[in-house]
Amino acid sequence: MDILQDEKQIDEQRQGEVYPESKTSSVGRKLFLESYGCQMNFSDSEIVASILKADGFVTTNNLDEADVVLVNTCAIRDNAEQRVRNRLTEFNRIKRNNPNAIIGVLGCMAERLKSKLLEEEQLVDIVVGPDAYRDLPNLLKTAEEGQRAINVLLSKEETYADISPVRLGGNGISAWISITRGCDNMCSFCVVPFTRGRERSRDPETIVEEAKGLWENGYREITLLGQNVDSYLWSGGGLKKEIYSQEELDKAVNFAQLLEKVALAVPQMRIRFSTSHPKDMTDQVLEVMARYENICKYIHLPVQSGNSRVLELMNRQYTREWYFERIAAIRRIIPNCGISTDIISGFCTETEEEHADTLSLMEKVQYDFAYMFRYSERPKTLAERKYKDDIPEETKLRRLNEIIQLQNRLSLESNQRDVGKIFTVLVEGPSKRSPEYLAGRNSQNKVIVFPKEHHLAGTHVDVLVESCTAATLLGTAVTQTK
Ligand code: 5AD
Ligand code: SF4
């Protein structure tokens, strides 16, 4: 899953992001849509906005004028859910002025808690799971008639392939494209297989068309999204098990082939993807990455733990040695590849020695970046049913701090190795700190800040890196003849 990788960053930077007001229409009912969690959730909100726009809604960022307030939620850790509960309580206050306002919860928390949110907690009027967004217009009508409305059915087919997402809140340069939904992996700590259902792959032609449409609309970077992109497999239908014969398998499109199709269809577009799974990431994918310049040299490869016994308890289906071998393959096939990871501290029964294995693995891999979490037990997961959550909170936190400290050093060292190098940056816009500076990313996904001069968002600029912090590279634009 690891697609939820961005949650920590989102926790810090985007949590509770409100989308800007739609300029398309001033009539119609007003929708206030707020998203939490992973990139997939933000991408889903764009599908929701598209479905409701077709039903006559316009988006607003002013809560007080909203007719409908929807919160797209995350259930990955307990604190993510607590934050949403607080927010829903706040939203309920708007009913004092506007008793007809409808408040709804979407996404993973809706799927996990189902009717509990309507009945016990009475926080919302509608509850809609990740596979039921097409039903939103009906559910809203039911709610408008004064009834509580719920649809949390999970689907084996739904990929929203035909829905053209309304791009919300972005920079007009980078966009997400979902390529799979759901997850079949059953990592023992993870609630996602329960909230997002079975893994389905989306028709590659619709993915290619969406990429081309984005290019025509001025987008310059796409990120292909899936909980485990490496297990993407299209065989004429979404579910993998529909492949019965060798002939069908020969016609199938795997992730490496999809990546190549997209790279060829939009040759000037930067292509990223998330998230990779160590057990499924093939050399074929790495070779396609190496072959096409427009595929960014960056892999997010969650390890979760550096110890093979813990990895087995986590049901990750690889060992420490296997992971090292995959890292070696990346370094061999794509020598300049950026690598990041997700790590969980204090999983059930983890010993000090096993925690030390995580630290030594990090040191050996030399990650450029990491998302780091302490274990949070989630209802219904394999770990909740089979193992005791026996590591005291203070131990989880102390181990997490050791992991964070180490990663801060590794990130700084990684950035220091880039000082003196020239990178092509896709400019995303003004830097957060000063309008005199621009910020963008290099192929390896590192943020680079440089003086604005005459450069424009959406263009590629070669930048010489002159200094750095653990988080950012700083430099100046150079003119190069290529
Ligand atoms: N507790 C802590 N972290 C978790 N993650 C997933 N489930 C849990 C959990 N129960 C982390 C994993 C995953 C990332 C998105 O979130 O590291 O890769
Ligand atoms: Fe990722 Fe594993 Fe969760 Fe699937 S079950 S979303 S692979 S962490």
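The values are calculated or read from the model by the stated rules, or taken from the named source; none is laboratory data. Note that the coordinates shown come from a computational prediction; the quantities given were computed from them, not determined experimentally. With ideal geometry, Cβ positions are generated from the backbone for all residues, glycine too; neighbour counts draw on all protein chains shown. Note: accessible area is taken over every heavy atom of the protein model, side chains too, but ligands, DNA and RNA are not part of it. Shrake-Rupley method; radii C 1.70, N 1.55, O 1.52, S 1.80 Å.
Residues that are open to solvent by 20 Å² or more (accessible area, probe 1.4 Å), on the phi < 0 side of the Ramachandran plot and modelled with pLDDT of 50 or more within the range 1-38 comprise R29, K30, listed in sequence order.
Every residue, every condition in (1) farther than 14 Å from E34 by Cα; (2) touching a residue at least 24 places away in the same chain (Cβ under 8 Å), yes or no:
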{"site": "N79", "(1), (2)": "yes, yes"}
{"site": "R87", "(1), (2)": "no, yes"}
{"site": "N100", "(1), (2)": "yes, yes"}
{"site": "I103", "(1), (2)": "no, yes"}
{"site": "E120", "(1), (2)": "yes, no"}
{"site": "L139", "(1), (2)": "yes, yes"}
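Across the range 194-215, the qualifying residues are those that are open to solvent by less than 20 Å² (accessible area, probe 1.4 Å) and in contact with a Ser or Thr (Cβ under 9 Å, 6 or more places away or on another chain), and the one among them that is farthest from ligand 1 (Cβ to nearest atom) is I207. One residue alone among E144, E158 is open to solvent by 40 Å² or more (accessible area, probe 1.4 Å) and under 20 Å from K53 (Cα atoms), and that residue is E144.
In summary, I271 fulfils each of the numbered conditions (1) within 16 Å of ligand 2 (Cβ to nearest atom); (2) in contact with a Cys (Cβ under 9 Å, 6 or more places away or on another chain); (3) among the aliphatic types (A, V, I, L, M) with the single exception of condition (1). Note on the range 49-83: among residues that are touching a helix residue (DSSP H, G or I) at 6+ places or on another chain (Cβ under 6 Å), closer than 29 Å to E393 by Cα and not small (G, A, S), the one that is surrounded by the fewest Cβ atoms within 10 Å (Cβ to Cβ) is E81.
The set of residues from the range 279-309 being touching a strand residue (DSSP E or B) at 6+ places or on another chain (Cβ under 8 Å), of a type in the set (A, V, I, L, M) and in contact (Cβ under 8 Å) with a residue 40 or more places away in the chain comprises M281, M289, I299, L301, V303.
Pairs please, first residue from the range 190-219 and at positive phi and within 16 Å of ligand 2 (Cβ to nearest atom), second anywhere and open to solvent by 10 Å² or more (accessible area, probe 1.4 Å) and assigned to a loop (DSSP other than H, G, I, E, B), Cβ atoms under 6 Å, 6+ apart in sequence or on different chains. Every condition considered, the pairs that remain are G197/L154. Please verify whether E384 is in a helix (DSSP H, G or I) and within 15 Å of ligand 1 (Cβ to nearest atom), treating the condition exactly as stated. Yes; evaluated as a whole, the condition is true for this residue. Taken over the range 355-385, the residue count meeting the criterion of being open to solvent by 20 Å² or more (accessible area, probe 1.4 Å) and away from ligand 2 (no atom under 16 Å from the Cβ) is 9. Residues that are closer than 30 Å to I295 by Cβ and surrounded by 13 or more Cβ atoms within 10 Å (Cβ to Cβ) are absent from the range 386-399 altogether.
Would you confirm whether any residue within the range 318-329 is modelled with pLDDT of 95 or more, surrounded by fewer than 23 Cβ atoms within 10 Å (Cβ to Cβ), of a type outside the set (F, W, Y) and within 21 Å of the chain's Cα centre (by Cα)? No, the range 318-329 has no match at all.
The residues of the range 450-468 that are within 22 Å of C337 (Cβ to Cβ) and either open to solvent by 80 Å² or more (accessible area, probe 1.4 Å) or within 27 Å of the chain's Cα centre (by Cα) (or both), listed by number, are H460, V461, C468. For L233, the conditions (1) among the aliphatic types (A, V, I, L, M); (2) open to solvent by 30 Å² or more (accessible area, probe 1.4 Å); (3) more than 26 Å from L311 (Cα to Cα); (4) in the same structural domain as I344 (by TED's automatic domain parsing) all hold with the exception of (3). The strands (runs of 3 or more DSSP E) found wholly in the range 404-477 and carrying at least 2 residues that are of a type in the set (A, V, I, L, M, F, W, C) and under 21 Å from R272 (Cβ atoms) occupy 422-430, 437-441, 447-451, 460-468. Of the residues making up the range 319-357, just one is touching a helix residue (DSSP H, G or I) at 6+ places or on another chain (Cβ under 8 Å), free of Cβ contacts under 8 Å to residues at least 24 places away in the same chain and among the acidic types (D, E), namely E321.
Of the listed requirements (1) in the same structural domain as P302 (by TED's automatic domain parsing); (2) at pLDDT below 95; (3) buried (at least 17 other Cβ atoms within 10 Å of the Cβ), L168 misses just one: (1). H355 meets all of the listed conditions (1) in contact with a Lys or Arg (Cβ under 8 Å, 6 or more places away or on another chain); (2) under 16 Å from H277 (Cβ atoms); (3) part of a helix (DSSP H, G or I) but one, namely (2). Does the range 334-343 contain at least one residue that is over 25 Å from the mean Cα position of the chain (by Cα), outside any helix (DSSP H, G or I) and of a type in the set (S, T, N, Q)? No, that holds for no residue.
Total residues in the range 275-319 satisfying the condition of being on the phi < 0 side of the Ramachandran plot and within 16 Å of ligand 1 (Cβ to nearest atom): the figure is 21.
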